Structures are given as C-alpha cells and as structure tokens.
Amino acid sequence: MKNKLIFSSALLLLLCTNVHAAILLDAEICEVSMDNNSETLQLSPPCSVVKTVNDKGDFVQFGETKIYIISGAPAKLAELKGWSVTESDRCSLEHQGVIVVNNKFYLSKVVDGAVVCPDIGLDTKFYQQFFQY
C-alpha cells in the first residue's frame, strides 16, 4: 500500500522532442499539460503510465508522433477473472492514449473493457490504435 501511495503521488515528466510534456498522476487527478495547455484525463484515478513491452520505455514513437497510454484505477481482482494477473499488477479495465505530435498533445477517447497493466507492458501493435490522429 505504501508503494502505491508513493507512486500515485509522483509527478512524471515525459520529455518529448524539444518540448516538455508533463503527466501529473496522483490519487485524485490524472492530468496532461504542455506549454500553457492542460487537460484532465477522463479516467478514474489513481492513474499510471503504462510501460511498453520488455520495459523499453513509457511511449512508442511512430515518426514524429509519440504515444503514451495511461491506465485508470486498478480493477478489483474479481473483475479480472480469466486473466493471469495478480492484485500487485495494478491492472485496469480502462485506459486513454496521449498523442504528442508537432509540439501539441491530443487525448484519445477512453477505452473500456480491455485489461491494461502498467508494469506488464504493451506490445507496439497495441499503440497503433491511437496512431490515427
């Protein structure tokens, strides 16, 4: 529990090409800001940045576009029956993409019903669903 509180109150700074984007994740808010633009994610806090497969980073890049996936609050283990995950995996049934391109960011719609675990990571193909911006 202590680790969750420490992580959930962390400010994660994600560096983008020549631009600083910040994703603020704490127990009560999930927010993205860049320059003077700030938006609240439509996820249930606490949120987490999802790592890529094999822990190769926090985003996938397609050309000049960087895509981050943010998971919502961890689901109850009873809701995750059928998947080989544990409570410590902090898996969520909701996530949202943050797309950074040309010094601007865009938010995808919230995706519900897909299991996303911040520390297990996602394959590059999973990020492609957000590369339509």
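Observations on the model:
- Modelled spin-label separation between residue 76 and residue 39, with each label point placed 7 Å from Cα along the Cα-to-Cβ direction: 3.2 nm.
- Distance cut-off 18 Å, percentage of C-alpha pairs in the stretch 43-133 lying past it: 41 percent
- Here the extension length gained between residue 123 and residue 103 equals 4.7 nm, from 0.36 nm per residue of separation less the Cα-Cα distance.
- Share of pairwise Cα separations in the stretch 21-84, more than 16 Å, in percent: 58 percent
- Radius 12 Å from Cβ of residue 77, net charge of other residues (Lys, Arg +1; Asp, Glu -1): 0
- Annotation: per residue accessible area for the stretch 32-133 equals 55 Å², rounded to a whole number [probe 1.4 Å, protein chains only].
The values are calculated or read from the model by the stated rules, or taken from the named source; none is laboratory data. Bear in mind that the values here come from a model prediction, so they are computed numbers and not experimental data. Don't worry about glycine lacking a Cβ; one is built from the backbone with ideal geometry, like all the others, and counts go over all protein chains shown. Heavy atoms of the whole protein, side chains included, go into the accessibility calculation; ligands, DNA and RNA do not. Shrake-Rupley method; radii C 1.70, N 1.55, O 1.52, S 1.80 Å.
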